[in-house]
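Only the coordinates and a few stated rules stand behind these numbers; no lab work does. Note that the structure is a prediction, hence the values are computed from the model and not measured. Here the Cβ positions follow ideal geometry from the backbone for every residue, glycine too, while neighbour counts run over all protein chains shown.
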Amino acid sequence: MNFLEERIMQDGVVKEGNVLKVDSFLNHQMDIDLFNQMGEEFKKRFADKSINKILTIEASGIGIACIVAQYFQVPVVFAKKSKSINIEGEMYVAEVESFTHRCKNQVIVSKKFLGPDDHVLIIDDFLANGCALQGLIQIVQSAGGTVEGIGIAIEKGFQPGGRMIRNLGYQLESLAIVESMDATTGNICFRDSSQQEKGKSGTL
Ligand code: 5GP
């Protein structure tokens, strides 16, 4: 087990509805030493990529993205969730369905902060159905930029997002892939890193 899998086993709580609660260290209270380990690992996995910007989505991607950005020494842009409709023109807009809140949000990024010269690493805390990532990819494409890779803390491998994104040909690196989890027993099983799909760089 790697450092993140160990932490999930120690402090993660499996909730009904396929939700893994990790708010004691990842997306409410944040363990910055852990985030630094994640930053170091993403830097290794994307070592051959030339990345000049990190893109994430509010709110829980922001903390991780900022620490990861210190390893790449690049700025972070976060997509904002917005209810306003009169923003096209100065903004790139994508529609994202929220897994946890089960609603649709428009997410926006100012055209000032993303453009055709950008080589982007997308970072997020979770990957479930892949809606958030699809929205972020769409925004980079609208800007004429390049998605160099995608780094995720926790992928729920039993949901379709990971497969869908890998099938699109992106280098998707998830630090922990939950293969199955059970809200009744609290059991969590991880995908063996040797079985991980295309794009994996092996053990941590
Ligand atoms: P997706 O768009 O891939 O379905 O879901 C990704 C987003 O939903 C993430 O940005 C994350 O905030 C949230 N999310 C998805 N699954 C979980 C989960 O099991 N636990 C928590 N805490 N957030 C999740």
Can you give the relative contact order of the chain as a percent, counting alpha carbon pairs under 8 Å and 6+ residues apart?
19 percent
Treating the Cα atoms of region 46-86 as identical point scatterers in vacuum, please give the log10 of the normalised Debye intensity I(q)/I(0) at q = 0.14, 0.21 Å⁻¹, two decimals.
-0.36, -0.66
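Any idea what the alpha-carbon Rg over 2.2 N^0.38 Å comes to for region 18-60? Spell out each step's value before the answer.
Working: Rg = 12.9 Å, N = 43, 2.2 N^0.38 = 9.2 Å.
Relative to the 2.2 N^0.38 Å estimate, region 18-60 comes out at 1.40.
Can you show me the helix-derived [θ] at 222 nm for the chain, built from DSSP H runs with n ≥ 4 at -39,500 (n - 2.57) apiece and divided by the number of residues, rounded to the nearest 500. Could you put the intermediate results ahead of the total?
Details: 5 runs with 56 residues, N = 204.
Estimated from H runs of four or more residues: -8500 deg cm²/dmol.
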For the modelled label position 7 Å from the Cα of GLN73 along Cα-to-Cβ, which residues of region 139-171 have backbone nitrogen atoms closer than 14 Å?
none
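Over region 35-148, calculate the relative contact order: mean separation of alpha carbon pairs under 8 Å at least 6 apart, over the residue count, as a percent. Mind dumping the intermediate values first?
Numbers: 206 pairs, mean separation 33.1, N = 114.
After rounding, I find 29 percent.
Report, as a whole number in µm² per second, the diffusion coefficient that Stokes-Einstein gives for the chain at 4 °C and 1.567 mPa s using the Kirkwood radius over alpha carbon pairs.
Details: Rh = 17.1 Å.
Calculated translational D: 76 µm²/s.
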Pairs LYS21/LYS111; LYS44/LYS156; LYS15/LYS111; LYS44/LYS83: which are spaced more than 32 Å apart, C-alpha to C-alpha?
LYS21/LYS111; LYS15/LYS111; LYS44/LYS83
Separation between the ASP11 and LYS44 pseudo-spin-labels, each 7 Å from Cα along Cα→Cβ, expressed in nm?
2.1 nm
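Within 12 Å, Cβ to Cβ, of ALA65, how many net charges do the neighbouring residues add up to if Lys/Arg are +1 and Asp/Glu are -1? Before the final figure, lay out each step's value.
Values: positive: LYS53; negative: GLU58, ASP124, ASP125.
Neighbour charge sum, excluding ALA65 itself: -2.
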Need one word for region 48-113: rounded, prolate or oblate. Basis is the Cα gyration tensor (sqrt eigenvalues a ≥ b ≥ c); a/c below 1.5 gives rounded, then a/b vs b/c decides.
oblate
Debye log10 I(q)/I(0) at q = 0.20, 0.23 Å⁻¹ for region 69-179, Cα point scatterers:
-1.13, -1.38
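Full extension from THR185 to MET30: what is 0.36 nm times the residue separation minus their Cα-Cα distance, to one decimal in nm?
53.2 nm
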Using only the Cα atoms of region 1-119, what are the Rg and Dmax in Å?
16.3, 48
